[in-house]
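A.B. asks: Attaching a single structure in structure tokens format; questions to follow.
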Amino acid sequence: MVKKINKMIKNIIENSNKDNEKNLIDLSQVRLVVIFGIFSILFISLFLRSVDLILLNQTPKNNFSSSNSIINEKNRADIFDRNNMLLATNVNSASIYAKPAEIINKTEASIKLASVLNNQNFSDIEKKLTSGKSFIWIKRQVSPKEHFEVNKLGIPGIKFQEELKRIFPQESLFAHVIGSVGVDNQGLSGVEKKLNKRLLDSTKSIFLTVDTRVQHALRQELYLSMKKFNAIGAAGVVMNVNSGEIIGLVSLPDFNPNIKIKPSDDAAFSRVTLGSYEMGSTFKPFTVAAALENKVISLKDGYDATKPLKVSRFIIRDDHPKERWLSVPEIFKYSSNIGMAQMAKDLGVEKQKELLKKLGILDRSKVELSEVGKPIIPRTWREINSMTISYGHGIAVNLLQVANAYAILVNGGKKITPTILLNNDNESNGYVNNERVISEETSKKIRGLLRLTVKSGTAKKADRIGYEIGGKTGTAEKPTKGGYQKDSIITSFIGVFPMDRPSYVIAIMLDEPKGIKETHFYRSAGWTAAPTVGNIIERVGPLLDVMPTKTKNYWKNFEATYISVKSNE
């Protein structure tokens with residue numbers, strides 16, 4: 001009996017041990033399944049988050065908490081000249097930022113950073129690092145060398161962010177055409193500002209009418225004349241008289257848009273499109289054209305220029321008086337204010353205003369640039385205003401407006417407006433339904449008078465063999481509240497070539513030129529602006545496929561056709 005009981009107990013114990021072993025095995029299996037399940041869930045969660053970040057999340061790759069860290073990664077379209085020369089494009093660039101909380105010695109870090117970063121000083125950097133902000137920019141869009149040098153410093157808390165940087169391969173050459181952009185890739189001036197939305201929204205490149213070769217020659221000749229005559233500024237524009245396309249546009253002084261420092265007001269100011277100036281005698285062709293078109297005069301007529309003309313309390317004088325009766329061609333080529341004022345009086349205020357309006361003189365230019373000035377015209381246009389405006393006083397316009405008006409006068413009288421976009425991208429530019437401003441006959445007469453002025457008038461120093469250049473000089477004192485500054489003048493010359501088949505107009509201006517020994521200390525346009533245009537034409541003529549040819553003596557043909565009264569020298 002005892003043996004049986006012992007055997008039963010032994011069996012129970014053995015069975016119990018087996019059940020415990022089995023339970024232990026089952027528990028281990030459950031644990032393994034649970035652990036595997038947990039890791040699977042974590043893995044799937046991480047995978048889904050990665051997909052979300054890579055494919056679905058459209059926020060910038062480094063979305064810092066500070067609002068200063070928002071970066072415009074949008075690309076801007078490239079800009080080219082008419083010959084596919086690159087004028088503006090984008091490159092990747094590093095920007096340096098800091099997390100001040102991670103920088104132990106902020107003074108030491110500031111000293112090190114200032115030693116390798118251009119245009120950054122120690123005190124400014126230290127002020128940023130001790131501002132208490134969690135994120136600050138040290139310098140945006142640094143050069144590769146600066147990137148390397150800062151990286152080499154190995155300062156904890158100093159980091160880099162990749163951005164798009166706008167660069168201008170031609171540097172300052174097109175400063176007042178292309179303009180500039182800010183560090184956030186937004187247009188600040190020029191074409192970059194005027195066409196900002198289009199440049200950001202489209203990947204299609206923009207082609208301009210300008211020619212880099214012509215632009216270089218124009219800028220260099222203006223710079224040389226500016227230095228030669230010790231002028232404070234200069235400006236010039238080259239335009240196709242038949243299409244309105246601007247081939248070159250320069251204003252000096254200028255600036256380098258690659259340097260992200262605000263240029264001086266003088267350098268940023270466009271003397272071609274934004275500045276409004278009294279242009280002096282360059283206005284005289286407008287008066288003559290209006291008088292011819294309205295049959296107020298013929299080229300055989302003339303006016304008495306024996307003595308100064310007194311009008312109310314004003315006295316109108318000639319700079320180089322002939323003190324005799326002058327024919328219309330003589331009034332034009334000798335630039336007689338007395339003769340021109342009498343012509344304007346006979347013409348009348350309304351007819352004068354009508355032609356100036358059609359020529360685009362009285363309205364803001366429609367050119368595709370952001371810096372375009374509004375002309376300054378009399379509030380009340382009386383007869384005395386008409387008489388002074390006839391020779392370019394009492395009205396202020398920009399150089400581009402005058403160039404465009406001359407283009408209309410010589411192209412057969414058809415209306416055009418200036419454009420900087422190639423292939424007439426802006427439908428409002430170029431010929432406007434072949435609208436006629438003056439007749440072909442009047443246009444031919446103005447061309448003859450412009451050639452006469454260069455051949456034997458005030459602009460003889462602009463003449464160059466084989467180019468049949470025509471044009472008009474202008475010398476004007478700068479106006480002030482109390483009158484005019486006799487010591488401060490603007491000289492200009494508007495030249496057209498070749499006169500037998502007008503193709504281009506070149507308008508230039510020198511701001512406060514000084515007389516030199518070579519000019520016998522004369523500083524007027526005939527001595528300063530006229531020869532500058534002659535030099536430019538010699539350089540750009542071949543570039544524009546206008547080669548010098550055997551002189552056709554356009555003036556003699558013109559004289560024989562239209563003038564029976566000889567112009568006495």
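Since every read-out is calculated from the coordinates, none of them should be taken as a lab result. In this text, all values refer to a predicted model and were calculated from it rather than measured experimentally. We place every Cβ from the backbone using ideal geometry, glycine too, and count neighbours over all the protein chains shown.
A.B. asks: Please turn the phi angles of the stretch 440-451 into ³J(HN,Hα) values with the Karplus equation 6.51 cos²θ - 1.76 cosθ + 1.60 (θ = phi - 60°), one per residue in order, whole Hz, x for glycine and proline.
C.D. replies: Whole-Hz 3J(HN,Hα) from phi for the stretch 440-451: 4, 5, 5, 4, 4, 5, 5, 4, x, 5, 5, 5.
A.B. asks: Quick one: grab the alpha carbon gyration tensor of the stretch 328-370, order the square roots of its eigenvalues as a ≥ b ≥ c, and give me rounded if a/c is under 1.5, else prolate or oblate depending on whether a/b is larger than b/c. Write down the numbers at each step before the final one.
C.D. replies: Working: a/c = 3.90, a/b = 1.89, b/c = 2.07.
Since a/c reaches 1.5 but b/c is at least a/b, the shape of the stretch 328-370 is classed as oblate.
A.B. asks: Still on this structure, I have one more. Work out how much length Arg382 to Lys366 would gain on full extension: take 0.36 nm times their residue separation and subtract the Cα-Cα distance, in nm to one decimal. Spell out each step's value before the answer.
C.D. replies: Working: separation 16, 0.36 × 16 = 5.76 nm, distance 2.79 nm.
That pair, Arg382 and Lys366, stretches by 3.0 nm at full extension.
A.B. asks: On to the next question. How long is the gain from Lys444 to Ile232 if the chain were fully straight, where each residue apart is worth 0.36 nm and the alpha carbon distance is subtracted? Let's see the in-between values first.
C.D. replies: Numbers: separation 212, 0.36 × 212 = 76.32 nm, distance 3.67 nm.
Using 0.36 nm per residue and subtracting the Cα-Cα distance, I get 72.6 nm.
A.B. asks: Hey, another quick one. Roughly what would the spin-label model give for Thr306 and Lys197, points 7 Å off Cα along C-beta, in nm?
C.D. replies: That separation, rounded to one decimal, is 6.5 nm.
A.B. asks: May I ask you to compute the full-extension gain from Lys478 to Leu153, defined as 0.36 nm times their residue separation minus their alpha-carbon distance, rounded to one decimal in nm?
C.D. replies: Values: separation 325, 0.36 × 325 = 117.00 nm, distance 5.55 nm.
Fully extending the segment from Lys478 to Leu153 adds 111.4 nm.
A.B. asks: Spin-label point model (7 Å from Cα, Cβ direction): what's the Asn256 to Phe122 distance in nm?
C.D. replies: Once both label points are built, they end up 2.7 nm from each other.
A.B. asks: At Ser488 and Arg539, where each label point lies 7 Å from the Cα along Cα→Cβ, what is the point-to-point distance in nanometres?
C.D. replies: Once both label points are built, they end up 2.8 nm from each other.
A.B. asks: What ranking, highest mean first, results for peptides 256-263, 489-496, 187-194, 344-351 when packing means the other Cβ atoms within 10 Å averaged over each residue?
C.D. replies: On the way: 256-263: 15.4, 489-496: 28.8, 187-194: 21.6, 344-351: 18.0.
Those peptides, ordered most packed to least, come out 489-496, 187-194, 344-351, 256-263.
A.B. asks: In whole Hz, with x marking every Gly and Pro, tabulate ³J(HN,Hα) for the stretch 294-305 from phi via Karplus 6.51 cos²θ - 1.76 cosθ + 1.60, θ = phi - 60°.
C.D. replies: Running phi through 6.51 cos²θ - 1.76 cosθ + 1.60 with θ = phi - 60° gives 8, 6, 6, 9, 10, 5, 8, 7, x, 9, 7, 10 Hz.
A.B. asks: Sorted by mean Cβ packing within 10 Å, highest first, what order do the peptides 201-207, 307-313 take?
C.D. replies: Numbers: 201-207: 13.4, 307-313: 11.9.
Answer by packing, highest mean first, reads 201-207, 307-313.
A.B. asks: Could you work out the relative contact order of the stretch 91-165? I mean the mean sequence separation of Cα pairs under 8 Å and 6+ apart, divided by the number of residues, in percent.
C.D. replies: Numbers: 116 pairs, mean separation 42.7, N = 75.
So the answer I get is 57 percent.
A.B. asks: Under the Karplus relation 6.51 cos²θ - 1.76 cosθ + 1.60, θ = phi - 60°, what is the ordered set of whole-Hz ³J(HN,Hα) values for the stretch 111-122, x standing for Gly and Pro?
C.D. replies: 5, 5, 5, 5, 6, 10, 9, 5, 6, 10, 10, 4
A.B. asks: Can you tell me the FRET efficiency between Asp266 and Glu162 if r is taken as the Cβ-Cβ distance and R0 is 35 Å, rounded to the nearest 0.05? Numbers along the way, then the final one.
C.D. replies: Values: r = 36 Å, r/R0 = 1.02.
The computed FRET efficiency comes out at 0.50.
A.B. asks: Here's a follow-up. Compute, for the stretch 115-270, the length of the dipole vector about the Cα centre, with Cβ point charges of +1 (Lys, Arg) and -1 (Asp, Glu) only. Units Debye, rounded to 20. Write down the numbers at each step before the final one.
C.D. replies: Numbers: 21 positive and 16 negative charges, 65 e Å.
Around 320 debye, computed over the stretch 115-270.
A.B. asks: Using +1 on the beta carbon of Lys and Arg, -1 on that of Asp and Glu, and nothing else charged, what's the dipole of the stretch 91-165 about the Cα centre, debye to 20? All intermediate terms of the calculation are to be shown ahead of the outcome.
C.D. replies: Values: 12 positive and 8 negative charges, 20 e Å.
So the magnitude is around 100 debye.
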